[in-house]
Ligand SMILES: [Zn+2]
Ligand SMILES: [Zn+2]
């Protein structure tokens, strides 16, 4: 079992039910934390508060993580950045895990999968730069938030504009 910023050693806890241990850590975000469009950038700081508690079947981990998420607004594609706070609680069993269970490996608890699930669950499906983001102009793609009074004249059919040119041509 490889140890790293997201692993917690439970050896000292000796599998004694009721034994608790708390950790406060700042860890660099692992790669690919989040979704395609919305991620916690790799290496950016995550503030972790973790409490481990030995129970009969294994070690119960309870905690929270605070990070900064970056991505783009789904309406106007502006870059956005916002704080994300997630909470989690999960049991890591001793011995062989059943399907959908997590296990300790050599008494080491690897928080990585729990952190990933918690972050993905908490991310908004349709992130916006602001709740009332007006999006982009359907005609020219301008950001309407930057230019709210933005208008285009009535659309002119190119065939008519050729005629207009003809009729507007001054008489010689
Ligand atoms: Zn926007
Ligand atoms: Zn426009």
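Read-outs: derived from the displayed coordinates by stated rules, not from any lab. Just so it is clear, the model here is predicted, and its values are computed rather than measured. Virtual Cβ from ideal backbone geometry, glycine too; neighbours counted across all protein chains shown.
Points worth noting:
- Projected-area average for the chain over all orientations - Cα convex hull basis, square nanometres: 15.9
- The stretch 84-124 - convex hull of the alpha-carbon atoms, volume per residue in Å³: 67
- Extended-chain gain in nm, criterion 0.36 nm per residue less alpha-carbon gap, residue 139 and residue 96: 9.6 nm
- Among 56, 1, 13, the ranking by other beta carbons within 10 Å of each residue's beta carbon, starting with the fewest, stands as 56, 1, 13.
- Residue order, fewest to most surrounding Cβ atoms within 10 angstrom, among 101, 70: 101, 70
- Distance from the Cα centroid of the stretch 90-156 to that of the stretch 42-76 is 14 Å (rounded to whole angstrom).
- The slack between residue 81 and residue 117, meaning 0.36 nm per residue of separation minus the straight C-alpha distance, is 11.0 nm.
- C-alpha long axis of helix 112-122 to longest principal axis of the chain, angle in °: 40
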